[in-house]
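*Asks:* Handing you this structure, nothing more for now.
All of the numbers you see were taken from the coordinates with simple rules; none came from a lab. Computed from a predicted model, the values in this text were never measured in an experiment. Neighbour counts are summed over all protein chains in view; Cβ atoms, including those assigned to glycine, are modelled from backbone coordinates with ideal geometry.
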Amino acid sequence: MKTTLNFDDRLIKAAKVRAAEDGEPLTRLIERAIRQYLQPPRRTEEPFKLKLVTKKTRTLPGVDVADRNSLYDIMDGLD
């Protein structure tokens, strides 16, 4: 398919030089560049991993963590 595009002169000159260095027609170089641009991005980063920090602690006297209301009462009194 033939298409007319207007490129910056410096860009086309650089592309022609690169195509000549690679021994390929300018059209093929532009096709490869467009195909590469249209590819979905590759995930090169490692996925985020949450590192949990745990610490052995003791509960305060009178705190029953199974009793939410008494726990709230105690926390309110710590202000």
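*Asks:* Going by alpha carbons, how many degrees (0 to 90, nearest 10) lie between the helix axis of 68-77 and the longest principal axis of the chain?
*Replies:* Tilt relative to the chain: about 90 degrees.
*Asks:* If we sort 34-41, 65-72 on the protection proxy, mean other Cβ atoms within 10 Å, highest first, what's the order?
*Replies:* Sorting 34-41, 65-72 by mean packing, highest first, produces 65-72, 34-41.
*Asks:* Moving on to the next point. Between helix 26-38 and the chain, what is the angle of the helix's C-alpha long axis to the longest principal axis, kept within 0 to 90° and rounded to the nearest 10?
*Replies:* 10
*Asks:* Taking the Cα atoms of the chain, what is the range of coordinates along each of the three principal axes, in descending order and whole Å?
*Replies:* For the chain, the Cα spread along each principal axis is 82, 25, 24 Å.
*Asks:* In degrees from 0 to 90, rounded to the nearest 10, what is the angle of the helix 9-22 Cα long axis to the longest principal axis of the chain?
*Replies:* Helix 9-22 and the main axis of the chain meet at about 80 degrees.
*Asks:* Out of the GluC sites (Glu not before Pro) in the chain, which ones are loop residues according to DSSP with at most 16 other C-beta atoms within 10 Å?
*Replies:* Sites meeting the loop and neighbour criteria: GLU45.
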